Amino acid sequence: MECKIRKWELSDAKNLAAALSNKKVQDNLRDGLPYPYTEKDGEDFISAMLSADENETFAFAVTVDNIAIGSVGVFRQSNIHRQTAELGYYIAEEYWGRGIMTEAVRQICAYVFDKSDIIRIYAEPFASNIASCRVLEKAGFQYEGTLRSNAVKNGAVADMKMYSLLKEEIQG
């Protein structure tokens, strides 16, 4: 099962809606996504990603056999953090635990470091999301520490973990 990242296509909206209408997927993401997530929500997201500044937003569909099964994005920060970017990702539950997300993270990091002046990519998964932490570790990210009581998700205060990957660590 080969994973590739590619630019979004409006025809991916249906698969995007299916993945994000799963509460288990949304429980590991930040708030603000509609639930249930509709095909129209997917079209709106895809349109926004396709029209975003390509030097600020690096957003791709995660695919297997050219079918979108998830999303991976790197988002440039601002001001003194302008050469730093935050990584976010998810895939449909039926693809969990197969190494697909690790490969997608490796691909997007290589792309961003190659095509931009970004020097650091970081991610902040919920500390309870062991699988997401493993994705980052397997993709070469370094654990930097726990952000204690850093979020409120589903009414509960949650710790988050900070991971980062530096350009020099993959191109050295």
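The values are calculated or read from the model by the stated rules, or taken from the named source; none is laboratory data. Not measured: the values here are computed from a predicted model. As a convention, Cβ positions derive from the backbone with ideal geometry for all residues, glycine included, and neighbour counts pool all protein chains shown. What goes into the accessible areas is simple: the full protein's heavy atoms, side chains included, and nothing from ligands, DNA or RNA. Shrake-Rupley method; radii C 1.70, N 1.55, O 1.52, S 1.80 Å.
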**OP:** Rounding to the nearest 20 debye, state how big the charge dipole of segment 1-54 is about its Cα centre with +1 on each Lys and Arg Cβ and -1 on each Asp and Glu Cβ.
**Re:** 240
Original post:
Over segment 1-50, with a single point scatterer placed on each C-alpha, what log10 of the ratio I(q)/I(0) does the Debye formula yield at q = 0.29 1/Å?
Top reply: -1.11
Subject >> Proximal lysines to K138, defined as alpha-carbon separation beneath 20 angstrom and excluding residues fewer than eight positions away on the same chain >> reply: K4, K161, K167
Subject >> List E39, E168, E103, ordered by accessible area with a 1.4 Å probe, largest first >> reply: E168, E39, E103
Subject >> Heavy-atom surface of segment 26-154, accessible at 1.4 Å and reported per residue (Å²) >> reply: 52
Original post:
For the chain, what % of the accessible area comes from carbon and sulfur atoms, probe 1.4 Å?
Top reply: 49
**OP:** Enumerate the whole-percent occupancy of each 5 Å bin, from 0 to the last occupied one, for all C-alpha pair distances of the chain.
**Re:** 1, 8, 17, 21, 22, 18, 9, 2, 0
**OP:** Mind pulling up the Rg/Rh value for segment 103-145? Radius of gyration and Kirkwood radius, both on Cα.
**Re:** 0.99
